[in-house]
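What follows is calculated from the coordinates using simple rules that are stated; it is not laboratory data. Predicted model, so just to flag it, every value in this text is computed and none were measured. Cβ: placed from backbone, ideal geometry, glycine included. Neighbour counts: every protein chain shown.
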Protein chains: 2
Amino acid sequence: MAYKENYPSKLLEDAVDAISSLPGVGRRSALRLALHLLKQPQENVHHFTAAIGRLRDEVRYCRECMMISDDEVCSICGDRSRDRRTICVVESVRDVMSIENTGQYHGVYHVLGGIISPINGVGPSDLTIRQLVDRVAGLVSPEALFEADAPGLDGAPAEVILALSGDVEGETTAFYIYRQISQYGVKVSSLARGLGFGDNLEYADELTLGRSIVNRQLFKP
Amino acid sequence: MAYKENYPSKLLEDAVDAISSLPGVGRRSALRLALHLLKQPQENVHHFTAAIGRLRDEVRYCRECMMISDDEVCSICGDRSRDRRTICVVESVRDVMSIENTGQYHGVYHVLGGIISPINGVGPSDLTIRQLVDRVAGLVSPEALFEADAPGLDGAPAEVILALSGDVEGETTAFYIYRQISQYGVKVSSLARGLGFGDNLEYADELTLGRSIVNRQLFKP
């Protein structure tokens, strides 16, 4: 049954329009949120809108990895203890936060800002692939290779980890990037795919289970 | 598993704090929404925050029924075809919109702005009960009763419909209001409760089914 909309006020209707433009927020939820905000003290609502406005107006991106940052260089790229010769390529800021939360990765990142998706009109030039290629080129430049005190430069080859989604768009993007950087002779890897930690075989889909068998690993008791 | 929060930027963290203060929005959803807003054109985000800010700053309430309104008197109270001697008392603006959407009600409203809830620190004086009592007193004043051309004044007694929730707080509020207005000799009614339209007996709870039997109505084929 359709929800008829007879707003008692244009102000309310405009606010509901705005809130329901957010992804995953329907008009009923938007109305609920608008009425909630209406009940809050005025300064709370000002604080709410100011925090969102400031994020959009004042946001900066790390000049190295394109991550959201308060400074010119983000805290990860600025951390000299991280391995700057391992670059993990991700779609979004959220992916960086997720991988950081694992505590398992000690290299740096490169945020693409999206994924190649012809259906959504996103091509390679809309992403930060050009900057990634420049970074990779820099990694194997004579200057970088001879800079003796460069951290992590212990003779190991530079590595680019393509940490993209396993869907068609992710695979397409990974393949495109691979073609752009393979000429530089860096190691290119992608995320391991298989059963989730603690997953039961019974409930795994066949593709995942198949990959888990093909990419099986030595048992280390 | 707890979601660790290492925000790459204070601006982002502030925005997530603000968005997750909304009811029913967790920090993960808030992050998703913040990153969505970050990808939008700057003027869209300004439009978004302005619509919300304006709602809170410029909202007005109908001086009659306390409904949100763009004018001093809302479109329902201002509609001369509506029965001004039937007042439907509701908790919130949303309830008015829901009842209006049924198209079954032709009286006016009174928005309480909440419900009596000692646990949430909401007492009668936080609601618009005082104004309701004044309105009811006005309905039975000699001036109103002798004003020949008052619409709907066809000798029928004035009626107050208590359209509140069926929970303890709703019942408490209804009882409180009843005690305040019963002295004026108006008819006081409450919403019919019973099986939902099209409901199957099999799935009805016992309280609802019980009320449906007690309040059974003449079969009109």
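Values for this structure:
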item	result
Calculated FRET value between A:Q180 and B:R27, using beta carbons and R₀ = 45 Å, to 0.05	0.80
CD proxy at 222 nm, helix term only [per DSSP H run n ≥ 4: -39500 (n - 2.57); per residue of chain B; nearest 500]	-12000 deg cm²/dmol
Only Lys, Arg (+1) and Asp, Glu (-1) charged, at Cβ; segment B:83-190 dipole about Cα centre in debye	140 debye
Residues B:I52, A:I76, sorted so that the one with the fewest Cβ neighbours within 10 Å comes first	A:I76, B:I52
Dipole of the protein assembly as shown, positive direction: furthest Cα of B:I213, B:T86, A:V188, with charges on the beta-carbon	B:I213
Overall Cα dimensions of segment B:1-155 - principal axes, largest extent first, Å	71, 39, 27
Too-long pairs where the Cα-Cα distance tops 29 Å, listed order kept, from A:K39/B:K10; A:K39/B:K187; A:K10/B:K10; A:K10/B:K39	A:K39/B:K187; A:K10/B:K10
The protein assembly as shown, dipole about Cα centre (Lys/Arg Cβ +1, Asp/Glu Cβ -1), debye to the nearest 20	440 debye
Contact order relative to length of chain A, as percent, for alpha carbon pairs under 8 angstrom and 6 or more apart	13 percent
Fraction in percent of alpha-carbon pairs per bin - 10 Å, segment A:156-208	21, 40, 26, 12, 1
Exercise: per-residue mean of other protein chain Cβ atoms within 10 Å, B:88-97	3
Residue with peak Gaussian network fluctuation, chain B [Cα springs, cutoff 10 Å], from B:S69, B:S141, B:S21	B:S21
For A:L132, B:L145, order by how many other beta-carbon atoms lie within 10 Å, fewest first	B:L145, A:L132
Binned Cα-Cα distance frequencies in the protein assembly as shown - 20 Å width, integer %	19, 38, 26, 15, 3, 0
Most fluctuating residue given options A:F197, A:F175, A:F48, as computed from a GNM of chain A linking Cα atoms under 10 Å	A:F197
Residue with peak Gaussian network fluctuation, chain A [Cα springs, cutoff 10 Å], from A:S125, A:S92, A:S29	A:S29
FRET E, pair B:A192, A:L207, Förster distance 45 Å, beta-carbon r, rounded to 0.05	0.25
Cβ-based exposure ranking for A:S9, A:S98, in which fewest neighbours within 10 Å come first	A:S98, A:S9
Extreme residue, positive dipole direction of chain A, given options A:L35, A:T102, A:T128 (C-beta unit charges)	A:L35
At R0 = 25 Å, FRET efficiency that the Cβ-Cβ distance of A:S125 and A:D71 yields, to 0.05	0.40
Translational D in µm²/s for segment B:10-58 (Stokes-Einstein at 20 °C, 1.002 mPa s, Kirkwood Rh from C-alpha pairs)	188 µm²/s
